[in-house]
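Everything below concerns the one structure shown next.
The values are calculated or read from the model by the stated rules, or taken from the named source; none is laboratory data. Computed from a prediction, not measured in an experiment: that's the story for all the values here. Here Cβ is always computed from backbone atoms with ideal geometry, including for glycine, and neighbour counts include all displayed protein chains. To get the accessible areas, we keep the full protein, side chains included, count just its heavy atoms, and leave off ligands, DNA and RNA. Shrake-Rupley method; radii C 1.70, N 1.55, O 1.52, S 1.80 Å.
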Amino acid sequence: MKATPPQRRRGPRVAVLALVLCSLLVPLAILFDHASSSGDDVTTDERRRQEVVLPSIDRVVRRDPVIRLPVGGGVRQDAPKKISNGSSGVLPQPKQIDRRPSPSSTKPKVLPVPRTEPPKAVMEPNRQVSEVANDRKRRDRGAKADEVENAKACQLEFGSYCLWSTEHKVMMKDSIVKKLKDQLFVARSYYPSIAKLEGQEALSQEMKQNIQDHERILSASAVDADLPSFINKRILEMEHTIARAKSCTVDCHNVDKKLLQILDMTEDEAHFHMKQSAFLYNLDVSSAHKFNTPNHKHYVILSKNVLAASVVINSTVINSKDPGNNVFHILTDAQNFYGMKYWFARNSYKKSALHVINYEETILEKLPKHSMREMYLPEEFRVLIRDTEQLTEKARMEYLSLFSHSHFFIPEIFKDLKKVIVLDDDVVIQRDLSFLWNLNMGDKVNGAVQFCGVRLGQVRNLLGKTKYDPKSCAWMSGVNVINLEKWRKHKVTENYLQLLKQVKRTDEASLRAAAFPLSLLSFRHLIYPLDVNLTLSGLGYDYGIEQEVAWSYASLHYNGNMKPWLELGIPDYRKYWRRYLTREDQFMDECNVNP
């Protein structure tokens, strides 16, 4: 029997075949899985590139090239990469991402997108100029708008004075004066705090002295030309003192509070002066058109005494037949200007126009080169006259009143006028003076009452070598008719200034004494003699004038030392003057001129 061959086992074969099949399928699965991951990564990166647009290089250059890095030196994930060495602010080109599969890595990590700010546009030069111009225009429009608002507010409070003050604004050269005021304000602000500090007594005393020096200088200086020659030294001293004060430890709140107080006081003071100026301006508006009209009757009075000037005007107006045609020009100094202005504004004079003038300011404006700006009243000279024909040679005393230096500039002040009547402030008018305006004085300049008790030949030692008629009589001021046209024709002011140069002047007394020969010589051959019954002189020194005589004259002249407003005035003559006082004014109750 043929042996049966052994059967083969199928189990191992199946196992081997399964191993072979797995070895083939596993790599394929890994490959497909890796390919799928790579495909997803590329899609994400492409999407990011579509959403983020990096700025071009030339736009980046215009940005701030500084890139700030963390202190530790590491690059944050949300910051751009560090600029390579040698670069000048230009970012390097971004590296390409290697998307090929890496056998040693799994799915690559995606970094967040760097945060980039839009670059700030830099203006081109032309655009910069345009922006600056537009900004300047906006500021100018704002300043003009403020000016318009301020002007409206000013007009609501002060009326037309605001427009007038703007049109007549004078540009003053006072830059140094303003600097002094600024220094004074700062020093005053620091001084209270410095004075309280211990150990700063010397600085406190120095600051106090500098403040007083500044105040003294500013009280006498309105413009730079008024300042003393040593002003630069004072400015440097104050600057040094203020610098030392600022270096001290003080309470800034107190300094600021003091400065605000000074500012408020300054603004209040400026507002007060504004109100005062507007008030005085409104007083002149109604009658200003008469001041320069030659058709009216113009009277000129030089005075520093408000009561004396008031009596002259009041007596003239009361006895005038046409008071509405009268215009009174009162020349006074700066000290009495506002007092005069206020007084004559409070009182009416039968529709007569009154014009108060600051003589010193007017001379400075119209005659800036003239050295004598101070106003002088009519000068009075006591004269002793001896009668040589009598054996006793008894002397009598007379007071001769003449024009002062200030009278010779009347034609310059009133250039539009042709004729004026000059009145001294110690006269009283008792009659209508209309007839004086109808006088035909020919070629003469000065219509005056002559005083032949003194002839030019008798005072030849005072007149010098100038030619004159020794038999000519002296003349008196008090009531004088002046033909301004003839004055200008004969150049009386120019001749007076020439004579003034020949006079030796050492002080004010010698200057005032020079008025005697200058007044007599300047009008030689130019005096028109007025009626002797026009003015009665001597009521300031002569006790022998009868009442009937006094009433018979058109005007009374209180020349002499015993003026009617003084307690030493002659009692019998004071009544002629007192009757023309403005008694209803409330200030008169406190005045000692009332009996």
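In this view, the solvent-accessible surface of Arg579, computed with a 1.4 Å probe and all protein chains in place, comes to about 130 Å². Structural descriptor for segment 293-591: relative contact order 19 percent, calculated from alpha carbon pairs under 8 angstrom and at least 6 residues apart.
Sites listed here are chymotrypsin sites (Phe, Trp or Tyr not before Pro) in segment 531-563 whose DSSP assignment is loop and whose Cβ has at most 12 other Cβ atoms within 10 Å: Tyr543.
Taking every pair of Cα atoms in segment 175-232, average 1/r, invert it to obtain the Kirkwood radius, and report Rg/Rh to two decimals. Numbers along the way, then the final one.
On the way: Rg = 12.7 Å, Rh = 12.2 Å.
Computed over Cα atoms, the ratio is 1.05.
Largest to smallest in accessible area, the residues His240, His271 fall in the order His240, His271 (1.4 Å probe, all protein chains included).
Which three numbers, in whole Å and largest first, are the semi-axes of the equivalent ellipsoid of segment 442-595 derived from its Cα gyration tensor as √(5λ)? Mind dumping the intermediate values first?
On the way: eigenvalues 224, 71, 55 Å².
So the three semi-axes of segment 442-595 are 33, 19, 17 Å.
Rolling a 1.4 Å probe across all protein chains gives Asp531 an accessible area of roughly 90 Å².
For segment 175-272, the spherically averaged projection of the C-alpha convex hull amounts to 6.4 nm².
According to the Kirkwood expression over distinct Cα-Cα pairs, how big is the hydrodynamic radius of segment 461-531, in Å?
Numbers: mean 1/r = 0.0746 Å⁻¹.
So the Kirkwood estimate lands at 13.4 Å.
What whole-number value in cubic angstrom gives the convex hull volume per residue for the C-alpha atoms of segment 500-540? Walk me through the intermediate numbers first.
Values: hull volume 3.5 nm³, N = 41.
Measuring per residue, one finds 85 Å³ for the Cα hull of segment 500-540.
Note on Trp164: accessible area is roughly 110 Å² with a 1.4 Å probe, heavy atoms of protein only.
For the residues Met397, Met441, Met171, a 1.4 Å probe over the protein chains yields an accessible-area ranking, largest first, of Met171, Met397, Met441. Dipole orientation for segment 293-591: of the candidates Asn559, Leu423, Leu511, Leu511 has the Cα lying most toward the positive pole (charges on Cβ; Lys, Arg +1; Asp, Glu -1).
Beyond a 30 Å Cα-Cα separation, which of these cross-linked pairs lie in this structure: Lys173/Lys504; Lys169/Lys369; Lys208/Lys369; Lys444/Lys467? Table pairs above 30 Å Cα-Cα are Lys173/Lys504; Lys208/Lys369. Taking all Cα pairs closer than 8 Å and separated by 6 or more residues, the relative contact order of segment 267-380 comes to 26 percent. In the context of the full set of protein chains, segment 175-272 has a per residue accessible area of 64 Å² (1.4 Å probe).
Filter the chymotrypsin sites (Phe, Trp or Tyr not before Pro) in segment 202-281 down to the DSSP loop ones having no more than 13 other Cβ atoms within 10 Å, then list what survives.
Answer in residue order: Phe230.
With equal scatterers on the alpha carbons only and no solvent term, can you work out the Debye log10 of I(q)/I(0) for segment 293-591 at 0.07, 0.08, 0.12, 0.13 1/Å? The computed values of log10 I(q)/I(0) come out as -0.26, -0.34, -0.80, -0.95.
Using a cut-off of 13 Å between beta-carbons, work out the net charge of the residues near Ile194 (Lys and Arg +1, Asp and Glu -1, Ile194 not included). Intermediate results must be reported in sequence, preceding the final value.
Numbers: positive: Arg188, Lys196, Lys208, Arg244, Lys246, Lys258; negative: Glu198, Glu201, Glu206, Asp251.
Around Ile194, the surrounding residues sum to +2.
Amide H to amide H distances under 5 Å link Leu354 with Phe328, where only residues 5 or more positions off or on other chains count and H is placed in the peptide plane.
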